[in-house]
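Just below is one structure, and these are the notes that go with it.
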Amino acid sequence: MAEFTLRLRRYDPESGDAAYWEEHTVELEPHRSVLEGILQAKNRYDGSIGIRCSCRAAICGSCGVRINGQPDLACHTHLGRAQKRSKDGVIEVEPMGNMPVIKDLIVDMEAVHWKKIRRVTPWLIPKQPVPEREYIVPRENMVDVTQSMACIQCGACVSDCLSMEVDPEFIGPAALAKAYRFVGDPRDDQHFERLEDLAEDPHGIYDCTHCFACIDACPKGVAPMSQIMRLRRRAGNDFHIEDRNNGERHEAAFVSLVKQYGLLNEAELLPRSYGGDTPLAKFKPSAAAELASSLPAIAKALLRRKVTPAAVFKPHKLPAADRKAVKAIYDEVEGRDERLEFNIYISGRDEDLL
Ligand code: FES
């Protein structure tokens, strides 16, 4: 047995008091979970501590909390490890972010997480006619969606999504990973409709800013951001959906700039995003209205000297040898007969992709 001190975030909206921290010392073996520690504190000291749990085996997704500032499952985190990772030897537990707190460590999953899951039509829309016997799904298709199927809906990725912090309407990593589960399934009949919907939505697939927080947060290796990138590739490369948010062209601008200069030329990013992916097409008259709506962002970039007029005419770029090396990567990837999706959940070995 060892002693562990838990610092729990307490909040009871009905009391009218502000949230506060409360410490309890529990006695358990280091390999026992933070959840067991919280439940011991609840049994021994204060039965009013609010925590949601069910399976206690990292399956049901009920016990998502933040431990020492990181989202995780309380039942899946050893007390000993959590103590080692703490700042001062005290294990800090607080409710997940981006969702309203109902009480103490319990957040309102319905208000955010489940609402967004419903937004993506989270069920299969079967192709017609339905076969008399079972559908036969190619193995590689099932492998492709297995990673998104592993989600246990704990909300850890939603908790730490930086895009959602800025735009609470963002559909978010969990729901978009769920969307890929059906877009990647050959039995589903609405791939184009689903992708068009998610690309056209201003809070859809192009609202993700690639911060990787959801990948770090996920306790099941779902890598929601990777699923969002898969959705984008399906939307842009396979269905050629040019969305009204300009997301597809913005992404194409990144790709073409790195290919040309070896690195991102910020000065050319906006005009190329709005005008097209070649320098000659950059000032397409049809893009003028969209470009005009970006003027506040352009003004800010100029004021902060992120973009300078000189850089437009004399872009920074890698030395010729390095640009050649970057181009070789493009040639390798673009020269493949089919696109390979990296799926660490299944293979985990680079050689499988070669
Ligand atoms: Fe079920 Fe933790 S209690 S995942």
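Observations on the model:
A quick yes/no check of all residues on (1) within 16 Å of Phe170 (Cβ to Cβ); (2) out of contact with any Phe, Trp or Tyr (no Cβ under 8 Å at 6 or more places or on another chain):
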{"site": "Val93", "(1), (2)": "no, yes"}
{"site": "Val101", "(1), (2)": "no, no"}
{"site": "Leu105", "(1), (2)": "no, yes"}
{"site": "Trp114", "(1), (2)": "yes, yes"}
{"site": "Trp123", "(1), (2)": "no, no"}
{"site": "Lys127", "(1), (2)": "no, yes"}
{"site": "Glu132", "(1), (2)": "no, yes"}
{"site": "Met142", "(1), (2)": "no, yes"}
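- Single condition Met99 does not satisfy, out of (1) assigned to a loop (DSSP other than H, G, I, E, B); (2) surrounded by fewer than 17 Cβ atoms within 10 Å (Cβ to Cβ); (3) more than 15 Å from the ligand (Cβ to nearest atom): (2)
- If you go through the stretch 133-163 and keep only what is more than 15 Å from the chain's Cα centre (by Cα), in contact (Cβ under 8 Å) with a residue 40 or more places away in the chain and outside any helix (DSSP H, G or I), you end up with Tyr135, Val137, Pro138.
- Output for the stretch 164-180, where each listed residue is surrounded by fewer than 22 Cβ atoms within 10 Å (Cβ to Cβ) and in a helix (DSSP H, G or I): Glu165, Val166
- Inside the stretch 106-132, residues that are crowded, with 16+ Cβ neighbours inside 10 Å and assigned to a strand (DSSP E or B) make up a count of 2.
- Hits in the stretch 201-217 (condition: crowded, with 17+ Cβ neighbours inside 10 Å and within 27 Å of Ile125 (Cα to Cα)): Asp201, His203, Gly204, Ile205, Tyr206, Asp207, Cys208
- Residue match in the stretch 124-134 (condition: in the same structural domain as Arg194 (by TED's automatic domain parsing) and touching a helix residue (DSSP H, G or I) at 6+ places or on another chain (Cβ under 9 Å)): yes
- Of all residues making up the stretch 216-275, the number that are free of Cβ contacts under 8 Å to residues at least 24 places away in the same chain and under 14 Å from Ala177 (Cα atoms): 1
- Scanning the stretch 19-69 for residues that are closer than 19 Å to Glu3 by Cα and free of Cβ contacts under 8 Å to residues at least 12 places away in the same chain, we see that the one that is farthest from the ligand (Cβ to nearest atom) is Asn43.
- Flag for Glu22 being surrounded by fewer than 16 Cβ atoms within 10 Å (Cβ to Cβ) and not hydroxyl-bearing (Ser, Thr, Tyr): yes
- Residue within the stretch 240-247 that is crowded, with 22+ Cβ neighbours inside 10 Å, under 21 Å from the mean Cα position of the chain (by Cα), at pLDDT 85 or above and in a helix (DSSP H, G or I) present: yes
- Matching residues in the stretch 322-340 - criterion: being β-branched (Val, Ile, Thr) and surrounded by 12 or more Cβ atoms within 10 Å (Cβ to Cβ): Val326
- When the stretch 295-354 is limited to residues that are under 28 Å from the mean Cα position of the chain (by Cα) and among the polar types (S, T, N, Q), the one that is modelled with the highest pLDDT turns out to be Asn343.
- Criterion violated by Gln227 - all others in (1) of a type in the set (S, T, N, Q); (2) more than 19 Å from Pro122 (Cβ to Cβ); (3) in a helix (DSSP H, G or I) satisfied: (2)
- The condition (being in contact with a helix residue (DSSP H, G or I) (Cβ under 6 Å, 6 or more places away or on another chain) and touching a residue at least 60 places away in the same chain (Cβ under 8 Å)) is satisfied by just one residue among Asp185, Asp189: Asp185.
The values are calculated or read from the model by the stated rules, or taken from the named source; none is laboratory data. Please read all numbers here as calculations on a predicted model, not as lab measurements. Positions of Cβ are generated from backbone atoms using ideal geometry, with glycine treated the same way; all protein chains shown enter the neighbour counts.
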